[in-house]
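Worksheet: one structure, shown below.
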């Protein structure tokens, strides 16, 4: 059913990409203050206490969460434990604009993972759109120089964000399978809190390995506290809520176009706070990615 895109709905769908872009920029700013995997753990630790007053009932023994522990264990591994940790790892060596542009190659991963693991049919226009999107990602990875791509000169961050995007695509496909009780699925805070509970175990384990295997350290102070407040409230909770409401009102097809505002916001925020100005190849990559989304969403 087609639904009218009201100004309020447009605002709801604009908030998440702005938060996601801010998350990338902030993650880049604090690389010297906190290890990336530890930042992911601290982010969800704070988000847990934000969500707890809203959905504490999901933690009760008979809520349905614990009887579906296998599903929430896998969801939390991909969405809470891996995706954001890999994104923060990517920002150690790559720029926020590169990270958000490469992450926009998601349609390609969606088709590949859907076809391989979920027996999802692939339409010709979807494949064409995915190829355009992945071409945009390749433009970023090559820094606009195809000779560099042929020489496979990639920074570690580029590979980390590719892996993160694959994890997010698998996570998204799992979300499409409504295996949990409706009392949890239809309550956004309960559904997110259920993932965070299990995700704290994964992210805590990964953070422990980070501290055991590297020379990790934390520089506590106002900047780090402000960072944790932002990444927990904005990208983790506010963006999730606005995205859910926006999809309910406009549908996922329309929402997909708004998701690709993330690289644009990342370019603006990077220029403002990091002094990292976009190049012409970033513009070309953004055009390819948005064109891919438009082609793949056509009937």
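Every condition in (1) assigned to a helix (DSSP H, G or I); (2) modelled with pLDDT of 95 or more holds for residue 265 except the one numbered (2). Looking across the range 35-92, the residues that are touching a residue at least 24 places away in the same chain (Cβ under 8 Å), over 29 Å from residue 213 (Cα atoms) and either touching a strand residue (DSSP E or B) at 6+ places or on another chain (Cβ under 8 Å) or assigned to a loop (DSSP other than H, G, I, E, B) (or both) come down to 63, 64, 65. Only residues that are at positive phi and either assigned to a helix (DSSP H, G or I) or at pLDDT 70 or above (or both) were counted across the range 104-143, and they come to 1.
Filter the range 146-167 for residues that are touching a helix residue (DSSP H, G or I) at 6+ places or on another chain (Cβ under 8 Å) and modelled with pLDDT under 70 and give the result. Scanning the range 146-167 gives 149, 154. If only one of 136, 81, 114, 129 is within 27 Å of residue 219 (Cβ to Cβ) and under 21 Å from the mean Cα position of the chain (by Cα), which one is it? So the residue among 136, 81, 114, 129 that is within 27 Å of residue 219 (Cβ to Cβ) and under 21 Å from the mean Cα position of the chain (by Cα) is 81. Going by what's in this entry, would residue 182 be described as loosely packed, with under 13 Cβ neighbours inside 10 Å, under 24 Å from residue 66 (Cα atoms) and modelled with pLDDT of 85 or more? Here the answer is yes, as residue 182 does meet what is asked. For the range 121-141, the criterion of being under 29 Å from residue 200 (Cβ atoms) and either out of contact with any helix residue (DSSP H, G or I) (no Cβ under 9 Å at 6 or more places or on another chain) or free of Cβ contacts under 8 Å to residues at least 60 places away in the same chain (or both) is met by no residue. Within the range 163-204, being over 20 Å from residue 51 (Cβ atoms), free of Cβ contacts under 8 Å to residues at least 60 places away in the same chain and in a helix (DSSP H, G or I) holds for one residue alone: 166. As a summary of the residue check, residue 211 satisfies the conditions (1) farther than 21 Å from residue 50 by Cα; (2) in a helix (DSSP H, G or I); (3) free of Cβ contacts under 8 Å to residues at least 60 places away in the same chain except for the one numbered (3).
Inside the range 268-299, can you point out the residues that are farther than 26 Å from residue 112 by Cα and at pLDDT below 75? Across the range 268-299, the qualifying residues are 276, 277, 278.
The values are calculated or read from the model by the stated rules, or taken from the named source; none is laboratory data. Just so it is clear, the model here is predicted, and its values are computed rather than measured. Reconstructed Cβ throughout: ideal geometry from the backbone, glycine too, with neighbour counts over all protein chains shown.
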